[in-house]
Amino acid sequence: MQDGQDFFDEAYFNSIYNSTLPLYDGEQSDSCDVIVPGFNTAALMVIYMIVFVFSLVGNMVVVYVVCFMKKGRASTDIYLMNLAMADLLFCLTLPFWAVDAHFGWIFGNFPCKVLSGFQEASVYSGVFLLACISVDRYVAIVRATRVLPSHHLLVKVVCSVVWVVAGLLALPVAIKRESMYAEDVKLFICYENLMSESSDQWRVNMRVLRHTMGFFLPLVVMTICYCWTIVTLIPTRNQHKHKAMRVILAVVFAFILCWLPYNVSVLFDTLKRGGAFKVKTCETTYILNVVLHVTQVLAYMHCAVNPVLYAFIGEKFRNELLSALYKHGVISKRLLVAHKRGSVNSNRSRNTSVTM
């Protein structure tokens, strides 16, 4: 690391997001520069803190609004509230990674394990919840299943199972992570301590697990369910169902836009380490390094995106938020009535409003 100003090298990059394999293979580890210039650690720290603030405020508002909805709370709302809680869990780790990016890991061994586990569990739970939402919409629209009072209890059970499974999948990382001193960067890092001969196989297995269970398999479920749902909705004139799908699809597309580039770049890197192909030039290795860094920052920004989508697309969300603010005396009744009157007039003039 060049005077602490350039972005972290191989070991430091691994300490931020569970990327547990060496960045270089064979002779290239000695001949290629592992530093990615142009990434300033102070700037990265600021970016993480900004994302933290927006994500914390936005997702707390989402949880508050859904809890405020005493009547009319749909199964999707329960899933979205749990999704907001997963984003909250993820964003609460960002200040620590922000400090880590610039000063190294100064928080000790136990926080290293706990925060790594929280981050891993939040990513798993987020993608699992999105898959659950896709199945829920498929059942409600394609199968036209009638919503029963017991359905909300089932949704809460499913959410509980999601959190338990995500926690179990995050345990290996939490167990293996340790705070240790890295001689190459002269800083403490939060890193997976693998000292046995089977460590390489363990690293590959963990990456395969993340690729399959943590992204691509849920993505397949979402793709199948939503494609089938959209095909069913196209010939119908039910505007309510069309509107209700727009927020959900926007959330899914935002997730794909933020996390797909990073998962693809990490998959490419995993295949390289597994010997599927050889990188013959340092320039190619450098490009892959840059892509990994950039897509990682994009993926981290995702935890602040969903509340923005709800606010700009979800009319029901806006109405519920204003109703909650009015109830607590934050806004006047005149503003609440004016907004609702504007929403009614808008719905009469054009069918583009969206419910959450």
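Worth pointing out:
- Cα-centre dipole for the range 88-231 with unit charges at Cβ (Lys and Arg positive, Asp and Glu negative), debye to 20: 660 debye
- Taking amide H atoms as placed 1.01 Å from N in the peptide plane, the amide H of Ile331 lies under 5 Å from those of Tyr326, each 5 or more residues away in sequence or on another chain.
- Over all other residues within a Cβ to Cβ distance under 12 Å of Cys112, the charged ones net out to 0, with Lys and Arg as +1 and Asp and Glu as -1.
- Long-range amide H partners of Ala182 with built H, under 5 Å: Leu187, Phe188, Ile189
- Note that the range 161-178 has calculated 3J(HN,Hα) couplings of 4, 4, 5, 5, 4, 4, x, 5, 5, 7, 4, x, 5, 4, 6, 7, 5, 8 Hz, one per residue in order, obtained from phi through the Karplus relation 6.51 cos²θ - 1.76 cosθ + 1.60 (θ = phi - 60°); glycine and proline are x.
- Legend: calculated FRET efficiency, Leu335 to Val53, from the Cβ-Cβ distance at R0 = 22 Å, rounded to 0.05, equals 0.30.
- Near the amide H of Glu192, within less than 5 Å, lie the amide hydrogens of Glu178, all on another chain or at least 5 residues away, with H placed in the peptide plane.
- Inter-label distance, nm, simple model (7 Å from Cα along the C-beta direction), Val142/Val165: 1.8 nm
Values in this text are rule-based calculations from the coordinates and carry no lab data. These numbers were taken from a predicted model, which means no experiment stands behind them. Every residue, glycine among them, receives a Cβ derived from its backbone with ideal geometry; neighbour counts consider all protein chains shown.
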